[in-house]
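Some notes on the structure that comes next.
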Amino acid sequence: MALALGVDTGGTYTDAVLIRDEEQIVARAKALTTRPDLARGIGAAVAEVLKGVDPATVSMAALSTTLATNALVEGQGDRVALIAAGFRQQDLDKHGLTDALKGDPVLLLPGKMGHAGDEAEPLDTEALEAWLADAPDVGAFAVAGLFAVRNPAHELAMAEAVARATGRPVCASHQLSAKLNGPKRALTALLNARLVGMIDRLIGQAQARLTELGVDAPLMVVRGDGALVSSTEARRAPIETILSGPAASIVGARWLTGADDALVSDIGGTTTDIAILRGGRPKIDPMGARVGPYRTMVEAVAMRTHGLGGDSEVHFLTEGLAGGVRLGPRRVLPVSLLAVEAPEVVRPALEAQLHAAVPGEHDGRFVRRVPGASDAGLAARDAEVLARIEGVAPLGAVLRKRVEIGSVTRLVSRGIVQVAGVTPSDAAHVLGLADAWDADAARAALTLFGRRRTGAGEPLGDAEGVARIIVDQLTRQTGEVLLESAFAEDGMDQDLAHHPLVWRGLGAHRGAVALDVRVGMPVVGLGASAATWYPAVGDLLGCEMRLPDGAEVANAVGAVVGRVRVRREGTVTAPSDGRFRVHLDTGPRDFGTLDDAMALLEDTLRSEAEREALAAGASGLDIRVTRDMRMAEVEGREMVIEAVLRVEASGRPRIAEG
């Protein structure tokens, strides 16, 4: 009997499952995710599923996580520096790098490679060394050079200089993608650097906690395409774990339902992640994973990630006479949850706000300092605001000037402070749809929220009325994002999801015109709260809604049943007639025939893929090689312009014995 342990750390909950012989769930558990020490939440969930089980019999352990995804959606992560050779400031502005840097330091160096891999301009190593002599205090560095995938010499030189001068982690863009598009590859390296410390801490904490619990099986990590990789590889390239949790949920959805074609929608505390199963396999995004505002070069499941979840911030809308709410995209702590963790602060504050003669602007909102989070490098005003936050405090008691709201926002983006406020989870507690946390605190918070005046000058409503408004809005927004995916899958404009005619059709409008619209494929609802929200979504969209047993731990299931998969890609170009150039990590090499060039490239990539797959714990390797020959006709003769070769090595994780 082989037991496999799957763990998923989400924004709100950490899930764990034990699966026997890849066929049967024998135990499942959930625990609250504990930031910043995620090991406590992991340990609590794993300890629960291991009750009555000898930990030594666990032969495999795998981890999926929404940590990287949520960090990019919420704008969090370590402070980093970008060193870019051959780029101009307008390149950074145009391609989103300036926005992604968020004010972090950047160095633009002279030096670039040409399209064929020849040096077009030497790298200014003196300027680099001078800058590094007074290097900024950052968690990691990203280095990027134009056409680095044709010749990585400049990136390798920059990375070596940074490592020698600072000892900090360095992320080189050519090691994350073999595709052209320098700015997009630089963005991927920048985001990777921002995530290095976060993912390294998570994996280290997870491994340490599993060892304490007696689980000695090597730890695997789910990549964004649903494949498993070694924890060492995940630490090197954490950007590849964006969409890890959602990708695992797609794999888990297939295993739980056997569905061949379906929309899979996974609602968590922070995000709703939507993907499509076709022929039993998740669709892969050919353009690279997109998370929040960022389009990366990471190969991942074609996933639409929306800032919509059970813990989404509820915003009051003042437009119109009736008023209303909008949800997300930021996650906040539910007041009902914070009241369980800090009742001595939350309950008295809510009571005082309810009895105040004049409602306060920040009633029902709190801030909490995250234990252990680094406050290095804060601006003076931000540091002053942070000094007023000891543990948990009402937001109104912390803010003394309106401008300080910006300080709180920046502290949240750095992961130093968390904000608590009204969420759909609180609404569920008021309506009796959930009972895990403090329903009385939720009712008080929604009562305070309902005192806000609509355009007609009337209060929004009592606690129950506000809760129904919030739940209805969650149903509406979930329907919108599912329709976007459905229209996009059919090659239609996704903006149709918001068109009034579509929504009249969902209501089966009958008049001079008869309108009927529905989602034409099943929807698999996943997540701890899916059973709470999704039946109404299925009714709204007129589709079959599948809520499988195990939906609440689908991510952890997917982590267990996935495959190890390593892909390597390389290119051969023809810089001149009769000369074929292989572009390798060690630099370009020229050959007189295409066959010789392709043979070397295939041998190199096959060797790398096999070695890394075996190191990741794969067994029974299956090797697949594909070629993409790009040809052109020159003077009546067909010639190779570029040849792209891809090697994939895959296999099931090797099961430990004993």
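The values are calculated or read from the model by the stated rules, or taken from the named source; none is laboratory data. Keep in mind that what you see is a predicted model, and the values were worked out from it rather than measured. All Cβ positions, even for glycine, are placed from backbone atoms using ideal geometry, and neighbour counts span all protein chains on display.
Worth pointing out:
- If the condition is being hydrophobic (A, V, I, L, M, F, W, C), surrounded by 15 or more Cβ atoms within 10 Å (Cβ to Cβ) and at pLDDT 95 or above, then the stretch 341-384 contributes Ala342, Val345, Val346, Ala349, Leu350, Leu354, Phe366, Val367.
- Residue ID - nearest to Ile469 (Cα to Cα), chosen from residues in the stretch 427-436 that are buried (at least 21 other Cβ atoms within 10 Å of the Cβ) and among the hydrophobic types (A, V, I, L, M, F, W, C): Ala427
- Taken over the stretch 179-197, the criterion of being of a type outside the set (D, E, K, R) and buried (at least 22 other Cβ atoms within 10 Å of the Cβ) is satisfied by Gly182, Ala186, Leu187, Thr188, Ala189, Leu190, Leu191, Asn192, Ala193, Leu195, Val196.
- Among the residues making up the stretch 291-343, those that are of a type in the set (D, E, K, R) and in a loop (DSSP other than H, G, I, E, B) are Glu299, Asp311, Glu319.
- Extreme residue, farthest from Val7 (Cα to Cα), among residues of the stretch 198-209 that are surrounded by fewer than 24 Cβ atoms within 10 Å (Cβ to Cβ) and aliphatic (A, V, I, L, M): Met198
- Those helices (runs of 4 or more DSSP H) of the stretch 497-606 in which at least 3 residues are of a type in the set (A, V, I, L, M, F, W, C) and either touching a residue at least 60 places away in the same chain (Cβ under 8 Å) or buried (at least 21 other Cβ atoms within 10 Å of the Cβ) (or both), considering only elements entirely within it, cover 530-541, 554-561.
- Failed item, numbered, when Val215 is tested on (1) assigned to a helix (DSSP H, G or I); (2) β-branched (Val, Ile, Thr); (3) modelled with pLDDT of 90 or more: (1)
- In the set (1) closer than 17 Å to Met220 by Cβ; (2) not in a loop (DSSP other than H, G, I, E, B), the condition left unmet by Arg28 is number (1).
- Residue in the stretch 449-461 that is surrounded by fewer than 17 Cβ atoms within 10 Å (Cβ to Cβ), at pLDDT 95 or above and in a helix (DSSP H, G or I) present: no
- Positions within the stretch 218-256 being part of a loop (DSSP other than H, G, I, E, B) and among the charged types (D, E, K, R), in sequence order: Arg223, Asp225
- Condition met for Ser173 (crowded, with 20+ Cβ neighbours inside 10 Å and in contact with a strand residue (DSSP E or B) (Cβ under 7 Å, 6 or more places away or on another chain)): yes
- All positions within the stretch 405-431 that are more than 21 Å from Asp104 (Cα to Cα) and of a type outside the set (Val, Ile, Thr): Gln418, Ala420, Gly421, Pro424, Ser425, Asp426, Ala427, Ala428, His429, Leu431
- Test: residue in the stretch 620-642 that is without any contact (Cβ under 8 Å) to a residue 40 or more places away in the chain, under 27 Å from Ala157 (Cβ atoms) and either outside any strand (DSSP E or B) or hydrophobic (A, V, I, L, M, F, W, C) (or both): no
- Residues that are aliphatic (A, V, I, L, M), outside any helix (DSSP H, G or I) and farther than 23 Å from Phe449 by Cβ, drawn from the stretch 344-400: Val370, Ala373, Ala376, Leu378, Ala379
- Verdict on Leu614 being within 23 Å of Pro152 (Cβ to Cβ), in contact with a Gly (Cβ under 9 Å, 6 or more places away or on another chain) and modelled with pLDDT under 90: no
- Test: Thr478 is among the hydroxyl-bearing types (Ser, Thr, Tyr) and either in contact with a Leu (Cβ under 6 Å, 6 or more places away or on another chain) or not in a helix (DSSP H, G or I) (or both): no
- In this entry, Val417 is excluded by the filter for residues that are touching a Gly at 6+ places or on another chain (Cβ under 9 Å) and buried (at least 21 other Cβ atoms within 10 Å of the Cβ).
- Which numbered condition Ser336 misses (of (1) without any contact (Cβ under 8 Å) to a residue 60 or more places away in the chain; (2) surrounded by 15 or more Cβ atoms within 10 Å (Cβ to Cβ); (3) of a type outside the set (A, V, I, L, M)): (1)
- Remark: pairs (first residue in the stretch 182-195, closer than 14 Å to Ile83 by Cα and touching a residue at least 12 places away in the same chain (Cβ under 8 Å); second residue buried (at least 24 other Cβ atoms within 10 Å of the Cβ) and among the charged types (D, E, K, R); Cβ separation under 6 Å; 6+ apart in sequence or on different chains) are absent.
- Residue match in the stretch 120-139 (condition: among the hydrophobic types (A, V, I, L, M, F, W, C), surrounded by 19 or more Cβ atoms within 10 Å (Cβ to Cβ) and touching a Ser or Thr at 6+ places or on another chain (Cβ under 6 Å)): no
- From Ala615, Ala559, residue being within 30 Å of Thr475 (Cβ to Cβ) and either of a type in the set (A, V, I, L, M, F, W, C) or more than 30 Å from the chain's Cα centre (by Cα) (or both): Ala559
- All conditions in (1) within 24 Å of Asp225 (Cβ to Cβ); (2) assigned to a loop (DSSP other than H, G, I, E, B); (3) touching a Leu at 6+ places or on another chain (Cβ under 6 Å) hold for Ala100, with the sole exception of (2).
- Test: residue in the stretch 163-172 that is charged (D, E, K, R) and at pLDDT 85 or above: yes
- Qualifying residue in the stretch 590-602 (condition: at pLDDT 90 or above, in the same structural domain as Ile623 (by TED's automatic domain parsing) and touching a Pro at 6+ places or on another chain (Cβ under 9 Å)): yes
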